[in-house]
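A short write-up of the structure that comes next.
The values are calculated or read from the model by the stated rules, or taken from the named source; none is laboratory data. Owing to the predicted nature of the structure, the values given are computational and were not obtained by experimental measurement. All Cβ positions, even for glycine, are placed from backbone atoms using ideal geometry, and neighbour counts span all protein chains on display. Remember, those area values only see protein heavy atoms, side chains included, never the ligands or the DNA or RNA. Shrake-Rupley method; radii C 1.70, N 1.55, O 1.52, S 1.80 Å.
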Amino acid sequence: MNTQNTPVHIRLWHHEFWLLVVANLLLTMSVYILLPVLPQWLMTTENFSPEETGLSMGIFGVGLYLLGSQCSWLVQRYRRNVVCIWAVLALALDVALLWYLESLRSEFVELWVMLLHRLLLGAAFGLAQMVLSSTLIIDTCESYQRTEANHSAAWFSRFALSLGPLAGLMTYEQTDFKRVVWVSMACALLAVLLIRRVDFPFRAPEEGVHVASLDRFLLPHGFVLFYNLLLVSTVMGMVLSLQLRPVFYGLLMGGFLLALLAQRFVYRDAELKSEVVSGLILAIAALMVMLAYPVSPVAPILLGLGMGIVSARFLLFFIKLSRHCQRGTSQSTFFLGWETGLALGLCVGYALFYGQRDLLLYAALLLTAAALLMYHLFTHGWFMRNKNR
């Protein structure tokens, strides 16, 4: 039977690895905290239209690519941990701009200012995540532990998709938008402190490294997986554009935990194709429950379970698809596919479906069904023919 398991190495979970995966969680939370709150603030306080709000949320996905081609050169030209720290500090500074804009109560924020803010936030987050996930976390592990390290670190980012919005909404409901900004900045600065506590020995730079390259950025031959993942994460972004309560994100976290347990026990010796297929079927079921029972606690659990299974398996597919010395590149490609889809889903959700909950969920159902058909009819067979590990 064609199975694919990720072994567990207790020795992987040493002090430095813990510091970096928690830093990864905090860094991702600092961005996700704003996902449910920033659009509310833009539309209620700054008089943005749903179309302008959607554009502001979507341009973040464009920013992710701005510094990606320079990632390899930067970590060769400067110390890799220093590059990551400065990128996270730039992210925190960009978030601080929101505090300044909130202070200007006598005038509304211009659209171009918000677009620039989100574009730069995407650029800083993209560079920080690429260096942290594709370089720093890998460098703390033995070679035989690196697949598990990538898999485990990605789960911490996945948890941030529920913990970040949950923290943002609870802070916003209890205080105000400025406090949300402070919490976001605090998460980023705590991530910096954790990264600084890890000692990375000096490594001589390689010669002949180009200023712009696809190394640690994009895996060109992984385009089929990229587009299939993009469909899946776009659905997730569309759901996040709905007006969801904090309890939804708490239950979503429960679904993620169930997905983690399912991978370890339910799918341990299952046929490889079954994970993505069953995960997407669970996502379809979650969307149907949301249509029939808008306040059902079952829907977010099913959604977290399905999306957790699918996204974790796609990451392992990218790693297995990579060639020699392309592990970091595969990690970055997965990150870009997932985050681009989230940004696109948020853009479409606000710009096209704001105030039309059922219509949005029907569109999300169609996209999920398309992702399932693409994977079943084409992507899986293509992956089996092209994998390298």
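Okay, here's what the table says:
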| quantity | calculated |
| --- | --- |
| [x] 21.0; [y] 21.8; [z] 23.3, with the label sought being that of the calculated Kirkwood radius over Cα pairs in Å | [x] |
| Signed unit charges on C-beta, dipole axis of the stretch 59-174, positive-most listed residue ILE85, VAL75, LEU119 | VAL75 |
| Solvent-accessible surface (1.4 angstrom probe) belonging to TRP99, in square angstrom, nearest 10 | 100 |
| Approximate spin-label separation MET43-TRP99, in nm, with each point projected 7 Å along Cα-to-Cβ | 2.7 |
| Top of GLN174, GLN40, GLN76 by mean-square fluctuation, Gaussian network on the chain, Cα under 10 Å | GLN174 |
| The stretch 216-279, accessible area per residue, ligands and nucleic acids excluded (1.4 Å, Å²) | 37 |
| Nearest-20 debye value, the chain charge dipole, Cβ charges on Lys, Arg, Asp, Glu | 1000 |
| Positive-end residue of THR329, LEU242, HIS210, charge dipole of the stretch 197-355 with Cβ unit charges | LEU242 |
| Three-way shape label, the stretch 161-208, alpha-carbon gyration tensor, a/c 1.5 | prolate |
| Accessible heavy-atom area order of PHE202, PHE353, highest first, probe of 1.4 Å | PHE202, PHE353 |
| For ARG268, solvent-accessible area (1.4 Å; no DNA, RNA or ligand), Å² | 120 |
| 222 nm mean residue ellipticity, helices alone, for the chain (DSSP H n ≥ 4; -39,500 (n - 2.57); rounded to 500) | -23500 deg cm²/dmol |
| Restricting the stretch 129-219 to GluC sites (Glu not before Pro) in coil, as DSSP defines it, with at most 11 other Cβ within 10 Å | GLU142, GLU206, GLU207 |
| Set of the stretch 283-325 residues, backbone N closer than 16 Å to the point 7 Å along the Cα-Cβ line of ARG245 | 290-291, 293-301 |
| Stretch gain in nm, segment ASP199-HIS15, where the contour uses 0.36 nm per residue and the Cα spacing is subtracted | 65.1 nm |
| Rounded accessible area per residue of the stretch 281-340, 1.4 Å, Å² | 30 |
| Dipole moment magnitude, nearest 20 debye, the stretch 252-355 about Cα centre, only Lys, Arg, Asp, Glu C-beta charged | 320 |
| Solvent-accessible area, 1.4 Å probe, carbon plus sulfur percent, for the chain | 65 |
| Eligible lysines near LYS387 by straight Cα distance, threshold 27 Å, same-chain separation 8 or greater | LYS273, LYS320 |
